[in-house]
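*Asks:* For reference, the structure I am asking about is given below.
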Amino acid sequence: MAKEETFTQVNKIGLNELIRYLNNVLRMGRILQGMLYKFRDAYLERMIDLSKEIIEQDDRLDLMEVELSYEGMRLLTSFSFTGIYLKACFMSLNLVHIFENMGDLFEKNAKLNIEIMNNPHLINSANFEDAINVTIDNFSNALLMLSDFINIEEKKLRTKEVLDTFFKKSREVCVFDGEVDSLIKAYKSYLYKSKDSVKVISLHIEILNNILTFSDLTTNISENIIWALTGDFYKCRNNELELFYCLGEE
């Protein structure tokens, strides 16, 4: 999507504004990434103040969703985008809503974490560190895909070599999602055997369920990027990226 010296599909002003918009969407993802790191520390180290910071930061994401949704619609109505440029605009609008939903999940987790700490509890949250770390790594990989999509020139994005690289990264996202699912299932079994209070166990399970949902949404990020590149819908299934529906390229 990076600027080229010559192009015919879209004028310079439109392309410049689209790239700026894509970078702002990526910035929203980076803010969410920071929330993930904060939650890991807050959850594992039992830090109420850090949990409160996450709750406040989610308000920032909510504002960005409104601003970027408006900006995306303005771009669609102001410029005659076609091909990959049009798909990039639609993809970005989808990612804005996905990022906002992801932020809401960790706002909920931060509140649940505060509630856990306000109750007598025996469970060591460090037992769940692997699941959180894999979730963070997978989200970072998805953001790297978005960054590459923005910065690689449009002509190179269409080459088989670059497309193969994107498909490989997307498959890795699918595999990591399966790993998170397996880890959380194991941790839930551990919780069911815990001697802690039913209330505290339920709070931990809800946190793990939100992490699982976040991981599933991470696969949606990579699926949207692949759609923008190919025009075809792919889905993560059984740790593999499978063609779901083919509309055909314009």
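*Asks:* Counting only residues that are of a type in the set (Lys, Arg) and within 15 Å of Phe139 (Cβ to Cβ), which one in the stretch 28-67 is most open to solvent (accessible area, probe 1.4 Å)?
*Replies:* Arg30
*Asks:* Residue check, Asn94 against (1) in contact with a Gly (Cβ under 7 Å, 6 or more places away or on another chain); (2) farther than 16 Å from Arg30 by Cβ, all met but one. Which one?
*Replies:* The one condition Asn94 does not meet is (1).
*Asks:* I want to confirm something. Restricting to the stretch 73-82 and keeping residues that are free of Cβ contacts under 8 Å to residues at least 24 places away in the same chain and within 24 Å of the chain's Cα centre (by Cα), which single residue is least open to solvent (accessible area, probe 1.4 Å)?
*Replies:* By that ranking, first place goes to Leu76.
*Asks:* For the list (1) closer than 30 Å to Ala110 by Cα; (2) touching a residue at least 24 places away in the same chain (Cβ under 8 Å), I need the number of the one condition that Tyr85 fails.
*Replies:* The one condition Tyr85 does not meet is (1).
*Asks:* I've got another one for you. Please indicate, with yes or no, whether at least one residue in the stretch 212-221 is closer than 26 Å to Gly103 by Cα and out of contact with any helix residue (DSSP H, G or I) (no Cβ under 8 Å at 6 or more places or on another chain).
*Replies:* Within the stretch 212-221 (the criterion being closer than 26 Å to Gly103 by Cα and out of contact with any helix residue (DSSP H, G or I) (no Cβ under 8 Å at 6 or more places or on another chain)), the answer is no, since none of the residues qualifies.
*Asks:* How many of the residues making up the stretch 195-205 are touching a residue at least 60 places away in the same chain (Cβ under 8 Å) and surrounded by fewer than 16 Cβ atoms within 10 Å (Cβ to Cβ)?
*Replies:* 3
*Asks:* Still on this structure, I have one more. Residues in the stretch 94-119 that are in contact with a helix residue (DSSP H, G or I) (Cβ under 6 Å, 6 or more places away or on another chain), open to solvent by 10 Å² or more (accessible area, probe 1.4 Å) and closer than 18 Å to Thr219 by Cβ: how many?
*Replies:* Total satisfying the criteria: 4.
*Asks:* Quick check: anything in the stretch 239-247 of a type in the set (A, V, I, L, M), surrounded by 14 or more Cβ atoms within 10 Å (Cβ to Cβ) and either at pLDDT 90 or above or over 24 Å from Phe39 (Cα atoms) (or both)?
*Replies:* Within the stretch 239-247 (the criterion being of a type in the set (A, V, I, L, M), surrounded by 14 or more Cβ atoms within 10 Å (Cβ to Cβ) and either at pLDDT 90 or above or over 24 Å from Phe39 (Cα atoms) (or both)), the answer is yes, since at least one residue qualifies.
*Asks:* To continue, here is another question. Check whether at least one residue in the stretch 121-135 is open to solvent by less than 50 Å² (accessible area, probe 1.4 Å), more than 16 Å from the chain's Cα centre (by Cα) and of a type in the set (Val, Ile, Thr), and report yes or no.
*Replies:* Looking for residues that are open to solvent by less than 50 Å² (accessible area, probe 1.4 Å), more than 16 Å from the chain's Cα centre (by Cα) and of a type in the set (Val, Ile, Thr), one finds at least one in the stretch 121-135, hence yes.
*Asks:* To continue, here is another question. Here are some residues: Lys185, Lys156, Lys169. Which one is open to solvent by 10 Å² or more (accessible area, probe 1.4 Å) and out of contact with any helix residue (DSSP H, G or I) (no Cβ under 8 Å at 6 or more places or on another chain)?
*Replies:* Only one candidate passes the filter, namely Lys185.
The values are calculated or read from the model by the stated rules, or taken from the named source; none is laboratory data. Worth saying up front: this structure is predicted, and the values here are computed from it rather than measured. Here Cβ is always computed from backbone atoms with ideal geometry, including for glycine, and neighbour counts include all displayed protein chains. Side chains are part of the model used for accessible areas, which takes the heavy atoms of the whole protein and leaves out ligands, DNA and RNA. Shrake-Rupley method; radii C 1.70, N 1.55, O 1.52, S 1.80 Å.
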